[in-house]
């Protein structure tokens, strides 16, 4: 299991938290997702043998947010 | 049919637009709802014989927004 913190632009409300936590969280290989709205950060625990970091970034991007 | 523009605090993204337009729009007596995100305004066409303005404000409030 690997832990990473991504900086994500455009998260502004509780709906955004749900969109990211819900969609990243249901990806196979993702163990835990926590959005820190006021900091614009997303903590993710994932298994790199199952899902790549690029795939996780792609899911966030598809929800309409910019991953730095 | 009556037209009104409400000032609503806390609408910040497309999810907020959907939450308000969807929930107010499905109320009986509401003909049309348009959220103007950058202005913090919500235009509503409604039939006051079917739904009260207070009921409409209550629906917006229940979604977590402050109606002025």
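When the residues of region A:19-38 are narrowed to those that are assigned to a helix (DSSP H, G or I), touching a strand residue (DSSP E or B) at 6+ places or on another chain (Cβ under 7 Å) and in contact (Cβ under 8 Å) with a residue 24 or more places away in the chain, which ends up nearest to residue A:58 (Cα to Cα)?
A:24
If only residues of region A:39-49 that are touching a strand residue (DSSP E or B) at 6+ places or on another chain (Cβ under 8 Å) and away from every other protein chain (no Cβ under 14 Å) are counted, the one that is nearest to residue B:9 (Cα to Cα) is A:41.
Which members of region A:50-68 meet the condition of being more than 14 Å from chain B (Cβ to nearest Cβ) and either touching a strand residue (DSSP E or B) at 6+ places or on another chain (Cβ under 8 Å) or touching a residue at least 24 places away in the same chain (Cβ under 8 Å) (or both)? The answer is A:51, A:53, A:55, A:56, A:57, A:59, A:60, A:61, A:67, A:68. In this structure, is residue B:4 over 18 Å from residue A:11 (Cα atoms) and surrounded by 14 or more Cβ atoms within 10 Å (Cβ to Cβ)? Here the answer is no, as residue B:4 does not meet what is asked.
Just the residues that are surrounded by fewer than 22 Cβ atoms within 10 Å (Cβ to Cβ), within 11 Å of chain B (Cβ to nearest Cβ) and in contact (Cβ under 8 Å) with a residue 24 or more places away in the chain, please, taken from region A:8-18. A:10, A:12, A:13, listed by residue number.
Only the coordinates and a few stated rules stand behind these numbers; no lab work does. Remember, it's a predicted structure, so these values are computed and weren't measured experimentally. A quick note on method: Cβ atoms are made from the backbone with ideal geometry, for glycine too, and the neighbour counts reach across all protein chains shown.
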